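Engineer: Sharing a structure with you now.
What follows is calculated from the coordinates using simple rules that are stated; it is not laboratory data. Please read all numbers here as calculations on a predicted model, not as lab measurements. Cβ atoms come from the backbone with ideal geometry, glycine included; neighbour counts cover every protein chain shown.
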Amino acid sequence: MSRDWEKAYAEEDTPWDKGYAAPPLEEFLRQHRVSGRVLVPGCGTGHDVRALAAQGAEVVGMDIAPGAIRKAGAFPQVGSERYEVGDFLDLKATHRAAYDWVFEHTCLCALPPEKREVYFQSVRAALKPGGYYWAVFFREVSDYTGEGPPHPISREETDALLGNDFELLASFVPQETYPSRPVGAEEVVWLRLKGS
C-alpha cells in the first residue's frame, strides 16, 4: 500500500528527513563537479537539491507532496534551485529529455516494487541523450519483511530494469552514511544514458 505522503509532511512524520543532504551525495560532490540541469525526484524538503545547487547546477526538486515542496521552498536559496509539485511516474512533457542529471536518493525505495519499471522509464525519459543517472540504492533494509517503505532493491533487479540503455561509470559502497544506515546497506551507482 502506498503511503499518504502529504499527511506525513503535515504531521511531521518524516523519519527519512535527517535535516541535511545524503552523506553519499556529499562524498561524491567533494570529488566531482555537477553542472547543467539536474532533476531530483522525491526531493522532500530539498536537502540534496541545495547541496547540488551550491555547486552551480540548475536544480529542480520534484515531490508528489505539496507539503514537502512548501517546506523545501522555506529554506534560504543557495543557487539556481527551484521546487515543483509533480508525479515523477507521470512525467510532464516539459521534463522529458530536459536534464543532464537525475539524482536518486529516496524516491525509488519509497515506491511499491510494482512501480519500479515505470520509475526507470521516467528516468530514461527525463534525461537528455548522454545524460547521467546517479543513485543511492538501498541494497539492504534492516528487519525488512516485505512491508515498506523503504524497500530494498538488489543489484540484479536494478541491472535488469536499467537494461542496456546505460553505461556504468562507477559503483561503490559509500563509506559516509546516515547513522541509521550501516555501511554496506547502500550502493552508489553512476551511469550514463547511451546516445549522442
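Engineer: Give the residue from Phe138, Trp101, Ala22 lying farthest towards the positive end of the charge dipole for the range 22-193; charges sit on Cβ (+1 for Lys and Arg, -1 for Asp and Glu) and the dipole is referred to the Cα centre.
Structural biologist: Trp101
Engineer: Over the range 64-124, what portion of Cα pair distances is larger than 20 Å, expressed as a whole percent?
Structural biologist: So the pairs more than 20 Å apart make up 34 percent of the total in the range 64-124.
Engineer: Run the helix sum for the chain: -39,500 (n - 2.57) per DSSP H stretch of 4+ residues, divided by residue count, reported at 222 nm to the nearest 500 deg cm²/dmol. Please report the intermediate quantities before stating the final value.
Structural biologist: Details: 6 runs with 47 residues, N = 196.
Taken over the chain, the calculation gives -6500 deg cm²/dmol.
Engineer: Give the aspartates and glutamates whose C-alpha is closer than 16 Å to that of Lys194, dropping any in the same chain fewer than 8 places away, or say none.
Structural biologist: Answer for Lys194, where 16 Å is the Cα cut-off: Asp100, Asp159, Asp165, Glu167, listed by chain and number.
Engineer: Here's another thing I want to ask about it. Have a look at the DSSP beta bridges in the range 22-193 and tell me what percent are antiparallel, nearest 5.
Structural biologist: Numbers: 13 of 31 bridges.
Around 40 percent antiparallel, to the nearest 5.
Engineer: Still on this structure, please answer the following. Could you sort 172-180, 108-116 so that the peptide with the highest average Cβ count within 10 Å comes first and the rest follow in order?
Structural biologist: The densest-packed peptide leads the list: 108-116, 172-180.
Engineer: Pairs to check: Lys18/Lys128; Lys7/Lys71; Lys18/Lys115; Lys71/Lys128; Lys18/Lys92. Give those whose C-alpha atoms are more than 21 Å from each other in this structure.
Structural biologist: Lys18/Lys128; Lys18/Lys115; Lys71/Lys128; Lys18/Lys92
Engineer: Only one of the values [x] 46; [y] 65; [z] 35 was calculated from this structure for percent of Cα pairs over 24 Å apart; name its label.
Structural biologist: So the structure-derived entry is [z].
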